[in-house]
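One structure below.
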Amino acid sequence: MFDILTAVFHDDPLQYGTSCYLKEPQTTAERQVKSRLDALDAETAKKLETCIEALAQEQGEQAFRSGARFGAQMMAQLLEPLS
């Protein structure tokens, strides 16, 4: 946890990894993407899958940072002395 907080503080890339289940889709959106990838030729599908996984990683990091900032702001407000 300390490594994640340090990365957030210094705006470094996070190393926790975002799950992208295109090989075994879990959600409706993943199944829809998988079916469209299956319709493409193998080379194009592999290139697109790599781009999708990179996008999922980037958005996962942004969501984590946003949640961590929200949690920190909420804790700061809760710990403020009442006036």
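The values are calculated or read from the model by the stated rules, or taken from the named source; none is laboratory data. As the structure is a computational prediction, the values presented were derived from the model and not from experiment. Backbone-built Cβ (ideal geometry, glycine too); neighbour counts: all protein chains shown. The area values use the complete protein model at the heavy-atom level, side chains included, leaving out ligands, DNA and RNA. Shrake-Rupley method; radii C 1.70, N 1.55, O 1.52, S 1.80 Å.
General observations
- Cβ-based net charge around Gln59, under 15 Å, with every Lys or Arg adding one and every Asp or Glu removing one: -3
- Across Glu30, Glu24, the residue with the most accessible area heads the list, and the full order at a 1.4 Å probe is Glu24, Glu30.
- Protection proxy ranking, peptides 41-51, 71-81, average beta carbon neighbours within 10 Å, highest first: 41-51, 71-81
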